Structures are given as C-alpha cells and as structure tokens.
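Read through the structure below, which is laid out as structure tokens, and then see the notes.
Bear in mind these aren't lab numbers, they're just calculated from the coordinates by the rules spelled out. Every value quoted in this text rests on a predicted model; they were computed, and no experiment measured them. Quick reminder, even Gly has a Cβ in these numbers, built from the backbone with ideal geometry, and neighbours come from all protein chains shown.
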Amino acid sequence: MANYERVESDGSRRRYRLSSPVSLEPLGEFEAMNAEDVAAAVKRARKAQPAWAARPVSERARYLKRVLARVLEAQDRIIETVVRETGKTETEAFAMEVFSSCDALGYYAKRAARFLRPEKRRIHGVMGIAKQLRVVYKPLGVVGIIVPWNGPVILALNQAAQALVAGNAVLLKGSEVTPYSTALVGELFREAGLPDGLLQVLMGDGETGAALVEAGVDKISFTGSVATGRRVAEACGRSLTPVSLELGGKDAMIVCADADLDRAASGALIGSCMNTGHYCCGTERIYVVDAVYEAFVEKVVEGARGLRQSDAGESDVGAVFWDRQLEIIESHVRDAVERGARVRVGGARNPDLRGQYFQPTVVTDVTHDMQLMREETFGPVLAIMRVDDEEEALRLANDSRYGLSGNVWTRDKARGFALAERIETGGVCINDMTLTYGVPEAPFGGVKDSGVGQVNGRDGLRGYCHAHPMLVDRFGGKQVQGAYPYTEKGLAGMKKFAKFLWGSRLGRLLS
Ligand code: NAD
C-alpha cells in the first residue's frame, strides 16, 4: 500500500487514503481542496488581513508567545501526530518539530518589533543635507506557504510565524504525505486565539499547491524539491508574484587529515541518518583524504552497525516517510553497486520489519558517475569516497548542480574557514553537521539548483514585507530639485558642482 493513494470520491474534490509507514495500516482519508476552495480562502484572508496589519508588531508578537505556550503544552500531541504520519523517531519529532518550533517562535516573538521598527537612514553626500529618509516595513498582504513532508511542523510553523508577525495573512499548504501534521499547526494557532482567516491550512496535493500559486497572492514561500520549485518559479514568473525557493541538496562533507576522527565519524552518521536522511541539509557525499580514509571508514562502519532500527520502542533510525522515496533510495544504492561500489553496512530494506524501513547504510568505493553522488538520495545512506587531498575533495564537492550546505572537518580552524569559503553552497558548517536552518542569525538558502533567496532571521522576516522608503525635505525648501525650466546656466552650475564634488578633496569628503 502506498502512503497516500487516490480513492473514489463522490464530490468534486480529489480524495486520498493515507497509510502508516510503520505498520502500513490505513491512517485515514482526506479531501484535497480545489481551486474554488483556494480562491475562497484567499478571499477570507484578504478580509482579515488589514485589521491584523493595523495592529502594532508587539501585539502580533504576543500571539507568537501564546502559540509557543500551546506548543509546549501540546508537545505529546505534536510528537504523536508526526510519528504516526512519518514514522520518524520520537526524539527526532521532539528535537526537530517541537524544540525547533519553540525556538523559532521565541526568537521572533522577542525580536520582531525591533527588526520591523521604522528606520531613519542617513543619506550619503549632499542629498543628506537637504533630505531625510524613513523606511517602514509594510506587510505584503496574503502569503502562500508551501511545504514538504520531511519537517511538516517546523517548516510550516517557522515560515507562518514570520509571515504573520510581519502583518500578513497566511495560506499554508502542507504535503499530501503529511497533511495531519500541517493541519495541527493551524490548530495550534487557532487554540492560541489567532483571529479567524489569518492562518488557513489548505489540505491538498500538488494541484492544490498549483492553484495557490495561481491564486493571486502577494508572495509564495516554497520549500520542496528542485523539480516542483522550478514549476512554482515559472508560474510566479508569469504573474510576477515574488517567490522564495528553498530546494533540495546534495551536501558534501570534507574530512581533512587532521580531523578529530571520532567526532567526524559521529557527525557523518547523524548528518546522513537523522530524520531517516530526509533532511535537506543531510550529508549525502563524504570525501575523506587518503591519510585517514581507512580509519574513518572503520569508525563509521562500526557506528552504523550499532544503530538501532525498530518499529516499537527505542530506535535510532526511523521509517522512510514516503514509499516513493524508498524506491529512490533503493535505486540509487542499486545503481552504485552495479557500477562497482561496495556496501559495507545495510544496503537494503530492513527484512525484520513490516513497514517502510531502509537499513542505515554505508557505501564505499563510490564515483561521481553514480546517482548516489549526483542526485538527492534523501535516505539513511553514507556514501564515502577516498580523495588524494583537500583540493580534490573541494573540487568534487563543488562538482554538483546542488548547492545547499556542507561541512568541513579539521582541528585547524583557519584551514576550516579557508575551505568553507571555497565551497559553492548557501552555507557551511565546520566540525558539525549542518545546523544553519536552526540558527536564525545565519541567512539560510541555497545557490545553484538548491534555491533562490534566503530565509530566516531579520532579513528573512523583512522578506515578508515591502521596505517602503519615504524621502522628505529636511528644511521644507521652496525650490523643487531640478525644477523646470531647464537653462544653460542651470546646467553649467550642475557641471561645476559635479567637478567640485568628485574633483576636489573637500568635495570627495562630502560626497
Ligand atoms: P515536492 O516538491 O514534491 O513537494 C513540496 C510541496 O509542493 C508539497 O506540499 C506539494 O504538494 C507541493 N506541490 C507539488 N506540486 C506542486 C505544484 N505544481 N505547485 C505548487 N505546489 C506543488 O517535495 P517533497 O518531496 O514534499 O519534499 C522533499 C524535498 O524538499 C527535498 O528535495 C528536500 O531537499 C526539499 N527540502 C528543502 C528544504 C530547504 O529548506 N531547502 C527543506 C526541507 C526540504
């Protein structure tokens, strides 16, 4: 049985049946909203948004605090819903969905008013003598947020909280693989007292998402695969709708000769297997310099053998959330083996479990013609390649159409920074797996095929606003700058002034 499959429906909406990745038993059915439902939701959002935008940011931020309190109170419900639908471990459901959500809510609740405060900006040069500049951050209006299934609560809640506190109304479209988790985000905001219409969850599939993109909203914040991101960008291009795209990755890990190998091996295991490897910044390619290759592989193999996988009780690596992803993982490993790679641990579905479980897997002797090193695998697989030196590691790390994140392991911080700077990705971590999504001070976003734009933190929050500059005369001067009629005398005066400004020492000082 597939995780979600279309079933007969008696109405105009598409109907899906969900099943558990853990037990393969049915979980329930839901109806996908159609274009008319989406249009009606946009209408409700447009009605609710102006009054919300008129409230001070500090008041809007108080709602985030209430949602934070709800998340803490409802943590068991969140964990249960996410685990039921995805099969991830309880620890991961807590760390990724509950803890990170609390952190994001607390961060923006505390800082939004400061980040969105109107600013007086100094104007350079002579214009600054006559004019004053004030920038206010105005909400965009109605924002569509489309999210995937790998972090169904945090990815939805983090962006929704930012868009809302910035004064927008939000239409939130979760994945068809995890509709109940995203619906729960809507419930938490409702239970926290958020006025009606401001956060509406659109239950649905890809067609619902496409309808949202076409519905005339004021921004689309998309998180998902490169292929869908491209379609969303094309549609947004046609309607000139602003869009941010957080897409897939194929993150590289570089292990230098002076790395702390115990730490690096444990970083490789968690980086590749956390969230069953369904992590956009998961470690998908590992390049290890020759001098420490054997020792590193030995430690990783030993660590991987010790990882527990179970459908009941304590477990380190959970189920594969989506049956289609399981097929992709299997096909990448099969392709690697056919081309000469060696499976050192795992390499197949877990034969002892009924559900969708792929064993934690270590593969060596990989090369860059294998899908495992070129396409996003998104599974609990460590693909390790021996390289001569750091330069070769860097060249191979950059030989990818993806550019989301990556990590470098060395005891020498300066070497770490030097290598990190040359990795062609949106961000890099040194001596840790990639954690930048959880650090709002770090702008987050991919380069190359991994995305367009950056999210989170002060600038991400401002990305849900229009920075509205207002220029005013300082002294209320009588003369409008450059006013008609143009005269030869006026032009000569301007030329003389330009010569003074950029042709004399005093002028350059003023300009
Ligand atoms: P996906 O692209 O298949 O789906 C993402 C969302 O888009 C879903 O809600 C889906 O219903 C919707 N959708 C599908 N077709 C659409 C269309 N034509 N128009 C509008 N919306 C549409 O991705 P997925 O399989 O759900 O998620 C996994 C991918 O997400 C991986 O590639 C992963 O790396 C990426 N991801 C990226 C980040 C990041 O921050 N960069 C974070 C998490 C996941």
Normalised contact order of the stretch 200-349, rounded percent, pairs of Cα under 8 Å and 6 or more residues apart: 16
Place the peptides 270-283, 460-473, 198-211, 158-171 in order of packing, highest mean first, counting for every residue the other Cβ atoms within 10 Å and averaging per peptide. 158-171, 270-283, 198-211, 460-473
Using a Förster distance of 60 Å, the FRET efficiency for Gln481-Asp352 (Cβ separation, nearest 0.05): 0.15
Only helices at least 15 Å long along their axis, Cα-based, and averaging 1.0 or more on Kyte-Doolittle count here, so list those DSSP H runs from the chain. 154-165
In nm, to one decimal, how far is the Arg334 label point from the Arg505 one, both placed 7 Å along Cα→Cβ? 7.8
Per the charge dipole of the chain (beta-carbon charges, Lys/Arg positive, Asp/Glu negative, Cα centre), the residue among Gln359, Gly128, Met203 reaching farthest to the positive end is Gly128
Hey, got the dipole for the stretch 91-152? About the Cα centre, +1 on K and R Cβ, -1 on D and E Cβ, debye to the nearest 20? 800
Go through Met470, Gly457, Phe115 and say which Cα lies farthest out towards the positive end of the charge dipole of the chain; charges sit on Cβ, +1 for Lys and Arg, -1 for Asp and Glu. Met470
So in the chain, what percent of DSSP beta bridges are antiparallel if you round to the nearest 5? 45
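Relative contact order for the chain using alpha-carbon pairs under 8 Å, separation at least 6, rounded to a whole percent?
16
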What is the magnitude of the charge dipole of the stretch 389-441 about its Cα centre, with +1 placed on the Cβ of each Lys and Arg, -1 on the Cβ of each Asp and Glu, and no other charges, expressed in debye to the nearest 20? 100
Where trypsin sites (Lys or Arg not before Pro) fall in DSSP loop in the stretch 463-511, at most 15 other Cβ within 10 Å: Arg474, Lys478
What FRET efficiency would be calculated for the residue pair Ala498, Thr367, taking the C-beta separation as r and a Förster radius of 60 Å, to the nearest 0.05? 0.50
Sum of -39500 (n - 2.57) over DSSP H runs of 4+, divided by residues of the chain (222 nm, nearest 500): -12500 deg cm²/dmol
What's the FRET efficiency of Leu240 with Arg134 using the Cβ-Cβ distance as r and R₀ = 30 Å, to the nearest 0.05? 0.65
Order 135-142, 310-317 from most to least packed using the mean count of other Cβ atoms within 10 Å. 135-142, 310-317
To the nearest 20 debye, what charge dipole does the chain have about its Cα centre, counting +1 at the Cβ of each Lys and Arg and -1 at the Cβ of each Asp and Glu? 4060
Want the number for Glu80 to Ile430: 0.36 nm per residue separation, take away the alpha-carbon distance, what's left? 122.6 nm
Once the cut-off is 34 Å, how many percent of the Cα-Cα pairs in the chain end up in the long-distance tail? 44
Which of Ala264, Leu64, Pro179, positive extreme of dipole for the chain (C-beta unit charges): Leu64
Gain upon complete extension [Leu24, Lys413; 0.36 nm per residue less C-alpha separation]: 135.3 nm
Report the Cα centroid-to-centroid distance between the stretch 400-475 and the stretch 52-116 in angstrom, as an integer. 22
